[in-house]
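Worksheet: the structure to be examined is printed underneath.
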Amino acid sequence: MEDSFGHHINYLRISVTDRCNERCSYCLPDEDQVWAEREETLSDDEIVRMTAAGARLGITRLRITGGEPLVRPGVVDLIARLKACPGIRQIGLSSNGTLLARPHGTGTLARALREAGAEALNLSLDSLDRETYARTTRRDFFPRFLEGLDAAQEAGFESIRLNCVLMRGTNEHELWDLADFARQRGCLIRFIELMPVSSRHVLTEENFLSAGEARRLLGFRLGPLTPLPDFKTNGPAAYYAVPATGQRIGFIGAMTNLHFCESCNKLRLTADGKLRPCLGSHLEFDFRHALRNPATTEADLERLFLEVVAGKPKEHEFRDNYQPGRRMIAIGG
C-alpha cells in the first residue's frame, strides 16, 4: 500500500486495550478516565480478521500496544494467532514492563510472549530514580520494571529497546545514567520528545526538552555523538553512536524534526476499532461497525483499508496548535 505522498505502508500498530496499570502524566493526565466497555473493544477474532485483511494488502509488521497490552486477558494466545496470519513477518510489543515477570504457565509472562511469537520489545523507562518514576507514573512500580526487564532478557527477545520521554525539570539530569543503564543491559535507548497527544496541558514551554538539546547534553559527557543515517528500526528514530563505546542512541523528535513524517510507514488500530492513518491527526475510520456487520466481506475490509491509506495526511498536525480529541491511552501508544 502506498498513499498519495509516497508513504509505503507495511506496519500496523494494534491497541488491544485502553486500560493500564500505570498513570503516566503525559498519557493519562489525571485519574478520571472513562474506560471502554468490554463490548466496545474489538474481540480477538475481530483483531485477527483486521490483521489478515491488512496483511493481504502488504502489512508485514505488527506492534501490540495499549494502554498496557499485558492487562488484556488472553494476550498471549492473541499474539500467537496474529503471528500465524500469512504475510506477518514480525510482531513487536510496547509495554511498561511491570507485568513481564508475572508467572504464566511454567515460566514468566515474558517467556510465554516470546514463545507465542513476539520478537521485539519496547519498554517505557523515564527515570532510574524510584521516587521520580513513581511521581511520573503515579505508581511505585520501578522494582517491578527491573524484574520485568530481567524476565524479558531471560526469555530471549531478539530486540529490547528502552523508550524515555524527555521532560525538562524531571529527567534531563538523568540522561547520561539512562544511556549508561541501556548500554550495560545491552538495550537500545531512544529519547522521545513530548507530544500534545492526551492534552495540550501535558506539553508546556517549561517541561519541553527537545531531542537536539538532549543530544547535546549527552555529548557533553559522552563526547559528540556521530550520526548513523544508515541505521534504522521500524520507527522514525534518528540514531547516533557514542564514539568511545559504539553504543547506539536514538532520538524521536516529532516536534522539532521537520522531516519527521517523510518515512512514515504505519497505521494505528485503536482498541475500539478505529483505524487512524496518523497519530497527530483527528482522522479515524470506524472498522468496528464493518467487522460486526454480517454483510461485510473480506473485499469490503480491504477496500476500507485502502480508503484509510488514501486519506493519510502528508504530516502530523502537532506543530499547528493541535487540540487532542482523545487521550493517548485510547489511541494506542
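Search the stretch 268-280 for residues being in contact with an Asp or Glu (Cβ under 6 Å, 6 or more places away or on another chain) and either among the β-branched types (V, I, T) or in a loop (DSSP other than H, G, I, E, B) (or both), and hand back the single one that is surrounded by the fewest Cβ atoms within 10 Å (Cβ to Cβ).
The initial filter retains those residues of the stretch 268-280 that are in contact with an Asp or Glu (Cβ under 6 Å, 6 or more places away or on another chain), namely 271-272, 274, 276, 280.
Among the residues that remain, those that are also either among the β-branched types (V, I, T) or in a loop (DSSP other than H, G, I, E, B) (or both) are: 271-272, 280.
Details: A271: 27, D272: 19, G280: 21.
The extreme case among them is D272.
Condition (residue is surrounded by 17 or more Cβ atoms within 10 Å (Cβ to Cβ) and touching a His at 6+ places or on another chain (Cβ under 9 Å)) applied to the stretch 112-133: is it met by at least one residue?
yes
Out of (1) of a type in the set (A, V, I, L, M, F, W, C); (2) surrounded by fewer than 17 Cβ atoms within 10 Å (Cβ to Cβ); (3) in a loop (DSSP other than H, G, I, E, B), the odd one out for L306 is which?
For L306, the failing item is (3).
Pick out the one residue from G219, G212 that is in contact (Cβ under 8 Å) with a residue 24 or more places away in the chain, surrounded by fewer than 21 Cβ atoms within 10 Å (Cβ to Cβ) and part of a helix (DSSP H, G or I).
Values: G219 fails: in contact (Cβ under 8 Å) with a residue 24 or more places away in the chain.
Among G219, G212, only G212 is in contact (Cβ under 8 Å) with a residue 24 or more places away in the chain, surrounded by fewer than 21 Cβ atoms within 10 Å (Cβ to Cβ) and part of a helix (DSSP H, G or I).
Specify which of the listed residues (N207, N234) is touching a strand residue (DSSP E or B) at 6+ places or on another chain (Cβ under 7 Å), part of a loop (DSSP other than H, G, I, E, B), at negative phi and not small (G, A, S).
Only one candidate passes the filter, namely N234.
Return yes or no: is L283 surrounded by 14 or more Cβ atoms within 10 Å (Cβ to Cβ) and either under 16 Å from A53 (Cα atoms) or among the basic types (K, R) (or both)?
No.
Filter the stretch 242-261 for residues that are modelled with pLDDT under 80 and out of contact with any helix residue (DSSP H, G or I) (no Cβ under 8 Å at 6 or more places or on another chain) and give the result.
Going residue by residue through the stretch 242-261, those that are modelled with pLDDT under 80 are 254, 257-261.
Result: A254, L258, H259, F260, C261.
Any idea which of R185, R190, R221 is among the charged types (D, E, K, R) and within 19 Å of the chain's Cα centre (by Cα)?
Residue meeting the stated conditions: R190.
Go over the candidates R89, R63 one by one and state the one that is in contact with a strand residue (DSSP E or B) (Cβ under 8 Å, 6 or more places away or on another chain), in contact (Cβ under 8 Å) with a residue 24 or more places away in the chain, basic (K, R) and within 23 Å of L146 (Cα to Cα).
Checking each option against the conditions leaves just R63.
Pick from the stretch 242-267 the residues that are in contact with a Pro (Cβ under 8 Å, 6 or more places away or on another chain) and outside any loop (DSSP other than H, G, I, E, B): which of them is nearest to E284 (Cα to Cα)?
The qualifying residue nearest to E284 (Cα to Cα) is L267.
The values are calculated or read from the model by the stated rules, or taken from the named source; none is laboratory data. Since the model is a prediction, treat every value here as computed from it, not as a measurement. Cβ atoms come from the backbone with ideal geometry, glycine included; neighbour counts cover every protein chain shown.
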